[in-house]
Amino acid sequence: MTFNTELKYAQQLDSEDKLKNFRNEFYLKEDSIYMDGNSLGLLSKRAEQSTLALLESWKEHTIDGWTDGEHPWFFLSETLGGSMATLIGGKKEEVIVTGSTTVNLHHLVSSFYQPEGKRTKILADTLNFPSDIYALKAQLKLKGYDDSHLIQVESKDGHLLDEEDIIKAMTEDVALIVLPSVLYRSGQILDMEKLTSAAHERGIKIGFDLCHSIGALPHDLHEWGVDFAFWCTYKHLNGGPGSVGALFLHEKHFGVEPGLAGWFSSNKEEQFDMEHTLTHAGDAGAFQIGTPHVLSAAPLLGALELFNEAGIKSVREKSLQLTDYMMNLIKHELSEFDFEIRNPIDPKQRGGHVYLEHAEAARICKALKMHGVIPDFRMPSGIRLAPVALYNSFEDVYHCVQVLKTIMENKEYEQFENERNIVS
Ligand SMILES: Cc1ncc(COP(=O)(O)O)c(C=O)c1O
């Protein structure tokens, strides 16, 4: 069957979908279509079970839960890191579940940003998420430099970055590069392999923020030689609000001193010797700081099982089909309503969501919510729609675009203010 705008076509795609049964693993709300899994993933039954199991282990084992029970808390960060390793193409010891995106960025930069001679600058971009930029500026300040030491590569159109522009900015005064793997607005995938080898040819270390690629597409960080990476687990990984973040430290850097050391940076065998000289874990585990947030990591035990069963390649395949189908529907059904598709069309560059721009975006999002369709508004005029492979269907995409069409035809958005809500 070739593309057409009828519901039958979506239903046909759903019937052929190898991952369709995973939808039953999630709590989806009736009469609602969730398109915001790139902000906060949905709760799965497995994540619920693993969280309850950890609460039970607290009840049952009390203090001994650190070493007893099915998932001893003392090793939980390592266990979870190990099960996440395939998602980023890393070795088990290269990944640890700890902290949060921003804290992990601070930690990694505090270790990897070592200004020396004329190499004193950090290279980033103008489209990255604000928290990363705040952290980089704060790290510069801690080392005695002002914001002029942060070079931010410009975008030509305000949506996409050109890798060649980034490479040109890798000059002799750059000590460290931090970039997103996928841009949070336009969903553009940066070519991490190419950027890493260009950085290394120039003697510069490079790290990536994987918040918008983890759980949405495969990575090969070890093979590419990426120095470090960090990410959250509450978007595509479905770890729940504020679930514990994670980081990757390439094996070649094992032994590097953790900049924000704490007792959980320790080699596990020696941690309880209570010495005042730290013997750190040596691998990614050294980048933990204090006591792990066990209950905020608990949902990941269940959530990650689903990825290991589905396989990240199949997730990516379906995700591309979903976004392709959505873009086709938008082009055919919404052509008269001034939407601009701002995400890359090329599957090599397209992340896990569709990004639309419209002058009335804020109030269109409010009208979508009124109809039970949950989008994500980004200032000043962006609408992100993320059909997620594990729980969204092609029929969801069909209905989402139909609702959008009704809202536009009947100008239903006019009943709302064109302003963002406190969280959007
Ligand atoms: C790309 C990106 N980087 C960093 C962050 C900040 O993450 P956290 O609040 O978990 O530190 C976010 C949050 O959504 C993000 O999307």
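The values are calculated or read from the model by the stated rules, or taken from the named source; none is laboratory data. These figures come from a predicted structure and were not determined experimentally. Here the Cβ is made from the backbone with ideal geometry for all residues, glycine too, and neighbour counts use every protein chain on show.
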- Message: Ile364 - would you say it is touching a His at 6+ places or on another chain (Cβ under 8 Å) and either under 22 Å from Ser32 (Cβ atoms) or of a type outside the set (Phe, Trp, Tyr) (or both)?
- Response: yes
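One line per residue, one yes/no per condition, for (1) assigned to a helix (DSSP H, G or I); (2) more than 21 Å from Gly203 (Cα to Cα):
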| position | (1), (2) |
| --- | --- |
| Ser111 | yes, no |
| Ile122 | no, no |
| Asn128 | no, yes |
| Leu136 | yes, no |
| Gln139 | yes, no |
| Gly144 | no, yes |
- If you check Glu417 against the conditions, is it over 24 Å from Tyr234 (Cα atoms) and at pLDDT below 95? yes
- Message: I'm checking my understanding of the structure. Among residues of region 93-108 that are away from the ligand (no atom under 16 Å from the Cβ) and either of a type in the set (Val, Ile, Thr) or within 19 Å of the chain's Cα centre (by Cα) (or both), which one is surrounded by the fewest Cβ atoms within 10 Å (Cβ to Cβ)?
- Response: Glu94
- Message: Scan region 314-321 and tell me whether some residue there is of a type in the set (A, V, I, L, M) and not in a loop (DSSP other than H, G, I, E, B).
- Response: yes
- Does region 191-201 contain any residue that is among the polar types (S, T, N, Q), under 17 Å from Lys348 (Cβ atoms) and under 14 Å from the mean Cα position of the chain (by Cα)? no
- Check Leu210, Leu195, Leu176 and return the single one that is of a type in the set (A, V, I, L, M, F, W, C), buried (at least 20 other Cβ atoms within 10 Å of the Cβ) and within 15 Å of the ligand (Cβ to nearest atom). Leu210
- Item | Residue within region 296-313 that is hydroxyl-bearing (Ser, Thr, Tyr) and away from the ligand (no atom under 16 Å from the Cβ) present | no
- Query: In region 366-381, is there at least one residue being over 22 Å from the mean Cα position of the chain (by Cα), surrounded by 20 or more Cβ atoms within 10 Å (Cβ to Cβ) and basic (Lys, Arg)?
  - Reply: yes
- Message: Being touching a strand residue (DSSP E or B) at 6+ places or on another chain (Cβ under 7 Å) and either away from the ligand (no atom under 16 Å from the Cβ) or not aromatic (Phe, Trp, Tyr) (or both) is the filter here; which residues of region 221-249 pass it?
- Response: Leu221, Val226, Asp227, Ala229, Thr233, Asn238, Val244, Gly245, Ala246, Leu247, Leu249
- Condition test on Arg363, is it closer than 30 Å to Glu193 by Cα and in contact (Cβ under 8 Å) with a residue 12 or more places away in the chain? no
- Just checking, which of Ser131, Ser181, Ser197, Ser155 is in contact with a strand residue (DSSP E or B) (Cβ under 7 Å, 6 or more places away or on another chain) and touching a residue at least 24 places away in the same chain (Cβ under 8 Å)? Ser181
- So, in region 386-424, of the ones that are assigned to a helix (DSSP H, G or I) and among the aliphatic types (A, V, I, L, M), which residue ends up surrounded by the fewest Cβ atoms within 10 Å (Cβ to Cβ)? Val403
- Among all residue pairs at least 6 apart or on different chains, which show Cβ distances below 7 Å where the first residue, located in region 100-117, is over 10 Å from Ala135 (Cα atoms) and small (Gly, Ala, Ser) and the second is assigned to a helix (DSSP H, G or I) and away from the ligand (no atom under 16 Å from the Cβ)? none
- Item | Filter pass, Ser57 being buried (at least 16 other Cβ atoms within 10 Å of the Cβ) and either under 21 Å from the mean Cα position of the chain (by Cα) or within 16 Å of the ligand (Cβ to nearest atom) (or both) | no
